[in-house]
């Protein structure tokens, strides 16, 4: 876990980690900004991970098959399950911008990712 001063820096970790923040794609947001405004921000040099370390961004992956840090896999599993529940709840609200069917599809995608992070598909 994080210390009171924040995540511990570990630039020597041989494991592939996941970012601590809820699942999202900074690269997609970066591409959208570049396409819309012609602005391109630099990716962060290091990021906080699900296991409480701060590692180089290049040592992270959103793909379950690539993540080798067990604590990060557990963190990502929980985050994807939490996100799936939230998406379904939001899709069922009156006046939601997304349909309940679409919210259900996205929620199922996150449940599938959670299963893969848990190793329920035969992966490590």
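What the table below lists for this structure:
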| quantity | calculated |
| --- | --- |
| Residue list for region 109-124, filter: assigned to a helix (DSSP H, G or I), touching a helix residue (DSSP H, G or I) at 6+ places or on another chain (Cβ under 7 Å) and over 15 Å from residue 50 (Cα atoms) | 110, 111, 113 |
| Residue in region 109-124 that is surrounded by the fewest Cβ atoms within 10 Å (Cβ to Cβ), counting only those that are within 15 Å of the chain's Cα centre (by Cα) and touching a residue at least 40 places away in the same chain (Cβ under 8 Å) | 118 |
| Qualifying residue in region 61-76 (condition: modelled with pLDDT of 75 or more, touching a strand residue (DSSP E or B) at 6+ places or on another chain (Cβ under 6 Å) and in a loop (DSSP other than H, G, I, E, B)) | yes |
| Count of residues meeting criterion [touching a residue at least 24 places away in the same chain (Cβ under 8 Å) and within 23 Å of residue 109 (Cα to Cα)] in region 52-77 | 15 |
| Residue satisfying condition, being assigned to a helix (DSSP H, G or I) and either farther than 23 Å from residue 117 by Cβ or modelled with pLDDT of 95 or more (or both), within set 58, 27, 34 | 34 |
| Residue among 106, 97 that alone is modelled with pLDDT under 95, surrounded by fewer than 18 Cβ atoms within 10 Å (Cβ to Cβ), in contact with a helix residue (DSSP H, G or I) (Cβ under 8 Å, 6 or more places away or on another chain) and over 15 Å from residue 18 (Cα atoms) | 106 |
| Failed item, numbered, when residue 48 is tested on (1) exposed (fewer than 12 other Cβ atoms within 10 Å of the Cβ); (2) touching a strand residue (DSSP E or B) at 6+ places or on another chain (Cβ under 9 Å); (3) at pLDDT 70 or above | (1) |
| Looking only at region 10-23, and only at residues there that are at pLDDT below 65 and surrounded by 12 or more Cβ atoms within 10 Å (Cβ to Cβ), the one that is nearest to the chain's Cα centre (by Cα) | 23 |
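The values are calculated or read from the model by the stated rules, or taken from the named source; none is laboratory data. Keep in mind the model is a prediction, meaning the values are calculated, not measured. Quick reminder, even Gly has a Cβ in these numbers, built from the backbone with ideal geometry, and neighbours come from all protein chains shown.
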